[in-house]
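Written below as structure tokens is the structure these notes are about.
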Amino acid sequence: MRKPVKDAVLIERGITAPHEPPHPIRALTPPARPARPESKPVVRGESQLDAPPERGIAPAASDLPILLDKPTAKPSKRLKSRKEEEVDPLENKEKARTTKVKRSLRLIEDEEEDLLDLLDDQDSPELSLSLARPAAQPKSPAAKPISGSIQLRSAKKAAPRHSRQTAEPVVDKPTSVALNADVTVQELAARLMVSETEIIRNLFMKGTMVSITQTLDLEIAKTVVRDLGYEIEEQETVELARKTEMIDLGDLDYLHRRPPVVTIMGHVDHGKTTLLDAIRKSKVAQGEAGGITQHIGAYHVDVNHGGQKQQIVFLDTPGHEAFTAMRARGAKVTDVAILVVAADDGVQPQTIEAISHARAAKVPIIVAINKVDKLDSQPDRIRQELTEFGLVAEEWGGDTIMVPVSALKGTNLDLLLEMILLVSEVEDLQANPDRPAKGTIIEAHLDKARGPVATFLVQNGSLRVGDVFVAGAVLGRVRALIDDRGDRVEVAGPSFAVEVLGLSDVPAAGDEFEVFPDERQARVLADQRLSEQRQLRLQTMGSRRVTLGTLSEKAQEGDLKELNLVLKADVQGSVEAILSALKQLPQNEVQLRVLLSAPGEISENDVSLAAASDAVVLGFNSSLAPGARQAADNLGVDVRDYNIIYKLLEDVQGAMEGLLDPEMVEEHLGQAEVRATFPIGKGMVAGCYVQSGKLQRNCHVRIRRGREIIYQGILDSLKRMKDDAKEVATGFECGVSLDRFHNWQTGDLIEAYKMVSKRRTLSA
């Protein structure tokens, strides 16, 4: 008879034994009615071996399936005796086969990997050959071939096996990463595609213990990135200057021409505000402290062009390096960028930054070479320098319009305006004035009389009094619209900048606003954004900020000092600029802690907060609320107000340097040569000649013999002749003795110096 277990093993291995043809199930008696359930005789038959035994357990003879096709009549005595004779040999054979099954199962375990591979590969010729020879099919549904059982078991394992064998896509790690804000350890690891442990280990080697949920300071994150071999992408200003598209598909059939929005950009003191002042024929520049624009101003100018009255909207951006975010916001909403370069100064850092802003926003650039009326102006040098940044003048074969102007004398201003309108016509600026307004917040602040006030630049649609809007996460209803001339208006169309009253809170400058048809829809969106901001703020507060020096531990040990600040400014943009500038100050030994930073006036609560935390109150273009000055005097709080950012930064840096421990430095006094030695008692006196400077009693001395320093200490005794002397000047002889040094030799040099304290600086 055939051996089903062996066949199962062969099928398991994907091997077919062609010399053993399949055997049909053999019935012991002719077909008849099925056997009665209570009749369970032990019958020899190959179908009973086709059922899969439990792994490691021999099938009992009583458990074998009954596959009999015989009549219900009782068997004859002859047949019964024959069966009884065959029972014992059958049991012996079953035991032997059970042993073989155990060995086969072990072989199956060894070869299971090969079978799974075959099952995964459905086109395998070996598998097809094996499956082409199925085992005998039993008539009873309870009996199934071993091969089928093996296939079912293999199929169950094949799926996870296949998923394990699926090759994960190989993703190349980035070589650089863009960082523009604080980041947690987990987020930084995801950006770098490294494990959190690697970042934690890097900071631990610097003495900082962190967890994966802690927030890393931007500078510390950059240090970690560099330590791990990555480069930093300076994309902060580029991302801020990305221009947002405000026109929807539904607006395409209702577009009309709109005025251009022009941003005047350039380096500090190159004459941007004066140029705008000359264009508007007003005195805006005289109101700016120190000639520095403190926040964005939006102004409308009427120009006669082609016999028609047209309007241009100008945005004036600050040129000081601290106002990077404000310049980027100006570029984000602009249509044409006017790059002002002083003819007597040339291209400067903020000039280069302005070029990058304009290119990031993909807006055309018109160069205004200012101050050409000065004797030392060199317009051609400016054109040459700008070619290095891809701006080639039209007269030199390029495509950049460059207009030499004089803001003070009004030279070529009409030509500049003409160029602006020509460029705007080429750009084909359009918007849909008949839809609800969308746009960008240029500036925002808290007015003590009017409450939260924001400057909205409408980029599409029309903003009307009574409209419900969401600005960032702030819900509001327009109570009043005020233009740049201080007049109240009812409607602000595309490209118009207006002050908006009716906000529930001060929004962030740079946020976008949108008008909604009903207050319920607007409130849902505002609440959702407010919840997201609150969650982010709580996460930041819950994860302590980390710096390289383990700031909190150093502060407790006295190795690190802290300067607490309360900052109030006129507008949100000024707050951002000051905070950005303060971050640039070195804080290795003195850490700045800004307890509060917000636009608005200085209140009594601000003074109380400063008194409780030993903080200094800084005001920038802000006033003191009634009672705040008296409260500051009573509590001894230092309140300082500024209108120029230079002065504020200088004073903060000076205060930080005042907290530094003074540095002890060596100050040279003089030099003397030993020309004779005299023993006195147990000691020795050196007869010296002062070659330079002077020697002082109790000063520090350094004894040199050749190139070697043999002693350092204090000059204990100094005599002139036989008298004690406080000091001996150049050209005089003296006697020197030291309590702890007596090994004088002729020719020794005495270097005299004293230790003095020196005020340290943050850059030191």
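The values are calculated or read from the model by the stated rules, or taken from the named source; none is laboratory data. As the structure is a prediction and not an experimental result, all values here were calculated from the model. FYI the Cβ positions are ideal-geometry reconstructions off the backbone, even for glycines, and counts take in every protein chain you see.
State the number of residues belonging to the range 684-710 that are surrounded by fewer than 15 Cβ atoms within 10 Å (Cβ to Cβ) and assigned to a strand (DSSP E or B).
Total satisfying the criteria: 5.
Can you tell me which residues in the range 395-423 are assigned to a helix (DSSP H, G or I), farther than 20 Å from residue 280 by Cβ and of a type in the set (D, E, K, R)?
Across the range 395-423, the qualifying residue is only 395.
State whether the residues of the range 638-654 include one that is in contact with a Phe, Trp or Tyr (Cβ under 8 Å, 6 or more places away or on another chain) and hydroxyl-bearing (Ser, Thr, Tyr).
Yes, the conditions are met somewhere in the range 638-654.
At least 3 residues that are farther than 29 Å from residue 603 by Cβ and touching a residue at least 40 places away in the same chain (Cβ under 8 Å) in each: list the strands (runs of 3 or more DSSP E) lying fully within the range 437-508 that qualify.
Passing ranges, in order: 438-447, 451-460.
Can you find even one residue in the range 676-687 that is more than 19 Å from residue 740 (Cα to Cα) and among the basic types (Lys, Arg)?
Looking for residues that are more than 19 Å from residue 740 (Cα to Cα) and among the basic types (Lys, Arg), one finds none in the range 676-687, hence no.
Does the range 733-741 include one or more residues that are in contact with a strand residue (DSSP E or B) (Cβ under 7 Å, 6 or more places away or on another chain), assigned to a loop (DSSP other than H, G, I, E, B) and of a type in the set (A, V, I, L, M)?
No - not one qualifying residue is present in the range 733-741.
Inside the range 299-394, counting only helices (runs of 4 or more DSSP H) that do not spill past its ends, which hold 2 or more residues that are on the phi < 0 side of the Ramachandran plot and at pLDDT 80 or above?
349-361, 379-387
Does the range 504-519 hold any residues that are over 22 Å from the mean Cα position of the chain (by Cα) and over 13 Å from residue 459 (Cα atoms), and which are they?
Of everything in the range 504-519, those that are over 22 Å from the mean Cα position of the chain (by Cα) and over 13 Å from residue 459 (Cα atoms) turn out to be 504, 505, 506, 507, 516, 517, 518, 519.
Taking the range 630-654 as the region of interest, how many residues are outside any helix (DSSP H, G or I) and of a type in the set (D, E, K, R)?
3
Considering only residues that are within 26 Å of residue 530 (Cβ to Cβ) and in contact with a Leu (Cβ under 6 Å, 6 or more places away or on another chain), which ones fall in the range 475-496?
476, 479, 480, 492
Search the range 660-683 for residues being among the small types (Gly, Ala, Ser) and either closer than 16 Å to residue 714 by Cβ or in the same structural domain as residue 585 (by TED's automatic domain parsing) (or both), and hand back the single one that is surrounded by the fewest Cβ atoms within 10 Å (Cβ to Cβ).
In this case the residue turns out to be 683.
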